[in-house]
Amino acid sequence: MFKRILLSLGVIAVVGGAAVAGTQALLSDSVSLTANTFSTGSVDLQIWNGSTYVDGPVTGFTENNLLPGVAGTPHVVWLKNNSTSPFAVTAAASALAGALNPDDVMITVEARTSDGLNSAGTPVTQSLHFWQNPSAVLPNLPAGGEQRYHVTVMVDEDVTTEDTAATFDFTFTGTQVDPTP
């Protein structure tokens, strides 16, 4: 009798296990996504040196006899996105030197149309001090596109020191952005 009970329990366990396994198989499935790869786009921001686009650096401008309170001559800077993805462009000043207080020097960066006659974005005007933090200059630069910028310097009208100069580097940086806005 004890053997029959054990045999019955064994049969019940096997049948129950088969039922659970069969039900499990009917209620689940799996697939795999294999060989996944990705790559980033190329990043190649170039600047015009007067005869061709280069990876830089390019010598900037010299503004002599700038009168306080009067904007200097706009200096033209051409940038080219030599990449396959659009760029957001930022600009920042560094290597500040000279006797002028960086808060007394205002710099405006404005995107212009290719003929230079009209604005092509919102001008960004900040003191040389604030340009030490990267600031966006719009619009974004499309893949393979070129953009002209006017860079204008103005010394605060309250500056009275004669024969004072300031020098700085200005770095433009292109950062990839989503091509589908």
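Springs between alpha-carbon atoms under 10 Å, Gaussian network over the chain: tell me which of D103, D115, D156 tops the mean-square fluctuations.
Checking each option, the largest mean-square fluctuation is seen for D115.
For a protection proxy built on the mean count of beta-carbon atoms within 10 angstrom, sort 73-81, 61-69 highest first, please.
Top of the packing list down: 73-81, 61-69.
Along Cα→Cβ, 7 Å out, is where each label goes; now give me the distance between the ones at N133 and N118 in nm to one decimal.
3.3
So, R0 is 41 Å and r is the distance between the beta-carbons of S42 and D163; what FRET efficiency does that work out to, to 0.05?
With a Förster radius of 41 Å, E is 0.30.
Using Cα pairs under 8 angstrom and six or more residues apart, how large is the relative contact order of the chain, in percent?
Once divided by the residue count of the chain, the mean separation gives 28 percent.
Calculated from DSSP H runs of 4 or more alone, at -39500 (n - 2.57) each and per residue, what is the 222 nm mean residue ellipticity of the chain, nearest 500?
Here the helix-only value at 222 nm equals -5000 deg cm²/dmol.
Rounded to the nearest 10 degrees, what's the angle between the helix 2-27 long axis and the longest principal axis of the chain, both from Cα atoms, 0 to 90?
Long axis of 2-27 versus the principal axis of the chain: about 30 degrees.
Bear in mind that the values in this text are calculations on the coordinates, not laboratory data. This structure is a prediction, so every number in the text was calculated from the model and none was measured. Positions of Cβ are backbone-derived with ideal geometry, glycine not excepted, and every protein chain shown enters the neighbour counts.
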